[in-house]
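Step one of this worksheet: look at the structure below.
The values are calculated or read from the model by the stated rules, or taken from the named source; none is laboratory data. Only a predicted model underlies this, so the values are computations on that prediction, with no experimental measurement involved. Neighbour counts run over all protein chains shown; Cβ positions are idealised from the backbone, glycine included. Quick note on the areas: whole protein, heavy atoms, side chains included, nothing else; ligands and nucleic acids left out. Shrake-Rupley method; radii C 1.70, N 1.55, O 1.52, S 1.80 Å.
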Amino acid sequence: MKLRTILLVLSLLVFLSASTGGYLYYSSLKEAAFREANRQSSANLDLIKKNLSAYLSENIKPVIALAGMEDLLEMLIRPGDENQRRANTILDLYKEALEVDVCYLMNYEGTTIASSNRDAPDSFLGKNFAFRPYFQQAIHSAPATYLALGVTSKKRGVYHSFPIFEKGEDVPIGLVVIKASIELIEKELNLSPYEFILVTDPQGIIFISNRKEWLYQSLRKLSPMDKSEILKSRQFGEGPWTWSGLDINDNGSASDRLGNEYLVHRQEMDNYPEWKVYYLHSFSAISKRVFGPLIGISGPIILMLCILIGVSVFFLYRKASHDILQRRAAENALRKSEERYRLIYHNAPAMLHSVNNKGILVSVSDHWLKALGYNREEVVGKKLSRFLTEDSGRMLEKTFLPEFFRTGAVSDIPYQFVRNNGEITDTLLSAIGERDENGNVVRSLAVSIDITERKQTEEALKQAQEELGLYTKNLERQVRKRTSEITSILKHSPSVIYIKDGDGHYLMINSRFEELFEIQNENIRGKTDDDIFPKETAEQFRKNDLKVLTDGISSQVAEQVPQLDGVHTYLSVKFPVYDETGGISGVCGISTDVTALKKAQDQLRRLSGSIIESQEHERTAIARELHDQLGQVLTALRMDAVWISEHFKGDDLKVSERALSMRSLIDDTIEGVRNMAVRLRPGVLDTLGLVDALEWLAVDFEKRTGISCIFENREIPGIDGALATTSYRIAQESLTNVTRHADASRVEVKLYKEDSILVLSITDNGRGFDKKVISDSQGLGVLGMKERAGLVGGILEIHSQPEYGTQVHFKAPIDVKDSSSESKGKGSLEKPSPLQF
């Protein structure tokens with residue numbers, strides 16, 4: 001028992017010693033492991049932070065150089081297809097050289113007007129990004145760097161923006177932006193499965209991470225107000241920005257939802273205020289460093305130590321290799337960035353150069369050498385002032401060079417370079433300074449823009465403006481002259497003149513209008529006819545105005561206007577007024593008072609009717625005298641001639657033959673007197689009526705002239721009095737004209753009724769005539785027929801063309817009273833003329 005006890009005690013002592021030793025060893029190993037992990041994590045975080053800063057800042061200088069491109073400035077000043085094409089070429093060059101996602105140009109409103117991704121489905125062209133802070137900061141003259149998720153492309157990126165200024169201005173007219181991909185950063189981190197990098201914004205939103213499921217999640221639980229602010233900024237899409245499940249403690253540790261614990265280091269990001277970078281190392285990976293040696297306790301101590309040393313060396317070598325690879329990757333990226341910068345510097349279509357603080361050229365671009373005609377050996381190491389005109393060189397040495405090395409930037413400084421062939425080139429120079437670690441400006445990066453052609457264009461534009469000014473003054477003088485003439489016409493015209501808009505509101509009246517209706521021009525504007533005239537007069541005016549506005553052509557109408565001395569008749573000519581687009585905007589009217597003239601016409605018409613009526617009475621009386629008296633005398637003479645012929649027939653044959661000859665002569669005279677009486681006043685017109693009289697006239701015409709004459713009539717009521725006489729006389733005169741002038745072979749006379757209108761037409765197939773060159777004799781006959789037609793309230797129309805015959809149409813209301821002296825009634829068909837209403 002004692003031996004067992006001793007063995008047990010010894011075993012317990014050995015176990016306790018081994019356990020104590022193992023615990024002490026484990027504690028020492030764990031402490032060393034965590035201390036090493038802390039050191040490695042801190043070193044890794046420093047290296048990762050430097051790599052991130054280098055990558056996120058590598059496009060700062062290129063975007064400044066890109067902002068100095070002349071083609072981009074031209075696109076902002078004078079947008080157009082050609083300038084846009086040139087701007088796109090520059091943007092494409094930078095995009096390919098820098099290997100970035102996209103380069104684009106924005107105007108002062110925030111709209112993308114040129115872009116290297118213009119042909120892509122997610123093109124920025126035409127999109128407005130004025131809400132982005134990089135735009136708001138750059139448009140206020142400050143360059144900006146911004147991390148965000150693309151609104152259009154839905155890709156994460158770092159945005160570098162720089163303002164573009166117009167010559168002599170300190171307010172930007174636009175800006176240029178370079179967007180580089182964030183995913184390239186994550187690919188180059190090369191972390192182990194137990195190492196995680198988080199880059200978060202001030203709200204704790206994870207924007208960069210090698211653990212994809214944590215992207216756009218937050219390190220803390222966000223309030224609705226926090227989410228609303230993030231959504232409003234549109235920096236990280238549309239959410240929902242849930243909590244990542246990470247609890248980060250103040251002691252440098254963290255845990256996730258699954259209970260995994262991590263060693264945490266964090267630092268502030270350079271150039272991104274309140275942005276943080278977190279480095280998380282899994283505790284399980286660190287613990288493996290501790291438990292690995294313990295697993296080998298059961299083996300030989302040496303083997304355990306060897307394994308421990310081997311594992312430690314392996315991990316240290318792995319970490320060292322990883323650090324070396326990251327450093328080499330950063331160096332390669334920096335070398336590529338420098339190569340791209342040199343490529344852009346020498347191939348950009350702009351004059352680029354650098355000078356040190358003594359004004360000596362240290363580098364010039366290929367375009368600079370080509371534009372001025374020098375080679376590199378002739379300029380590098382020489383003072384810049386040697387290649388300027390005397391005045392520009394003196395201004396450089398005394399003013400701008402000291403100012404530049406004091407402030408570090410100049411913009412749009414006018415210089416004159418002297419080319420190798422002696423020609424002068426006008427340029428605008430802008431420059432930024434490169435500083436050393438102490439912040440002192442040691443050299444410049446300058447962009448010179450050739451403005452020689454622009455100055456020539458400005459001079460030509462100035463001359464054109466002067467010529468335009470002279471032309472404008474001459475045009476204004478002519479306008480004033482025409483305005484004065486028109487004003488004089490309006491003032492002294494005896495006619496009433498006015499202009500109304502499309503709704504009937506008066507815009508202008510002349511002095512005659514003001515005088516007649518006692519209203520001033522300034523008081524009538526905006527008023528309508530309803531505001532000035534009685535209702536019937538206003539409706540009359542509005543009806544005539546609407547006809548002109550609807551038809552779009554001028555119109556001549558008679559209008560009745562009440563005045564102090566009674567109702568006056570105005571002959572109004574109205575025509576549409578057009579605006580600058582060619583649309584009808586109103587109506588203009590010129591009204592002439594024809595009251596006295598109308599009264600004279602009425603008196604003349606009554607006088608003419610009285611004369612014609614007297615003529616008809618006189619013709620009737622003459623016809624009656626010829627028939628009753630002369631006819632009876634001739635009949636008695638014929639009877640005497642017949643008696644003498646019979647009486648001397650057997651005794652004296654010569655006397656008998658002479659008597660027969662006298663009888664024949666008397667018979668011809670009787671026939672002539674009878675025809676004369678009929679033509680003066682046909683008895684058939686008074687006894688049988690108009691239809692039979694026209695039929696007799698047609699038969700007699702054909703018999704006398706040999707010209708075929710056909711008379712047609714249908715449903716004609718009894719027509720007598722003045723209308724019958726007028727119809728007969730018009731037909732008679734028309735047939736007489738056919739005999740004298742038409743050279744026709746056929747005539748048609750038609751008489752019919754349309755409603756209450758009597759229609760008479762006489763149509764021949766003769767040679768016709770041109771109404772414009774009608775002879776005086778024909779003109780008098782036509783005027784006589786029209787006068788007769790007007791006296792019975794009818795109208796007479798004549799249609800004729802050479803070689804196509806002639807048509808005479810007479811229309812008159814049947815219900816007009818049979819009185820030639822009576823004025824026309826409501827049934828009148830007469831058309832108004834300038835002197836007849």
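Maximal additional length on extending the residue 120-residue 736 stretch stands at 212.7 nm, based on 0.36 nm per residue less the C-alpha distance. When both segment 169-233 and segment 52-98 are represented by their alpha-carbon centers, they are found 25 Å apart. What does the C-alpha gyration tensor say about the overall shape of segment 417-471? Classify as rounded when a/c is under 1.5, otherwise prolate if a/b is larger than b/c, or oblate. Oblate. Residue pairs exceeding 27 angstrom between C-alpha atoms, taken from 179/212; 127/212; 61/232; 95/127: 127/212; 61/232. Run the numbers on segment 420-459 and let me know its relative contact order in percent, using alpha-carbon pairs under 8 Å that are six or more apart. Worked out over segment 420-459, it gives 41 percent. Counting Lys and Arg as +1 and Asp and Glu as -1 over every other residue whose Cβ lies under 12 Å from the Cβ of residue 175, the net charge comes to 0. For the pair residue 151 and residue 391, a Förster radius of 60 Å applied to the C-beta separation gives a FRET efficiency near 0.75, rounded to the nearest 0.05. Reported to the nearest whole Å, the Cα centre-to-centre distance from segment 387-429 to segment 522-550 is 74. Note on residue 483 and residue 437: the model spin-label points, each 7 Å out from Cα along the C-beta direction, lie 7.7 nm apart.
Using 0.36 nm per residue and subtracting the Cα-Cα separation, the extra length available between residue 750 and residue 336 on full extension is 138.2 nm. Remark: spin-label model distance residue 234-residue 213 equals 3.2 nm, labels positioned 7 Å along the Cα→Cβ axis.
Shape class of segment 440-542 from the Cα gyration tensor (axes a ≥ b ≥ c, square roots of the eigenvalues): prolate, since a/c reaches 1.5 or more and a/b is larger than b/c. Shown are 703, 50, 336, whose ranking by accessible area with a 1.4 Å probe and every protein chain present, most to least, is 703, 50, 336.
In a reduced charge model with +1 at each Lys and Arg Cβ and -1 at each Asp and Glu Cβ, segment 390-518 shows a dipole moment near 460 debye about its Cα centre.
By the rule of a C-alpha distance below 17 Å, with chain neighbours fewer than 8 residues away ignored, the aspartates and glutamates paired with residue 811 are 712, 715, 720, 733, 748, 754, 755, 787, 797, 830.
A cut-off under 10 angstrom between Cβ atoms defines the neighbours of residue 784, and their net charge, with Lys, Arg +1 and Asp, Glu -1, is +1. Computed over protein heavy atoms with a 1.4 angstrom probe, the accessible surface ordering of 209, 555, largest first, is 555, 209. For the pair segment 703-721 and segment 780-796, the centres of their Cα atoms are 19 angstrom apart. Phi angles of segment 447-463 translate, via the Karplus equation with coefficients 6.51, -1.76, 1.60 and θ = phi - 60°, into HN-Hα couplings of 10, 10, 10, 6, 10, 4, 5, 4, 5, 4, 5, 5, 5, 5, 5, 4, 5 Hz per residue; Gly and Pro are given as x.
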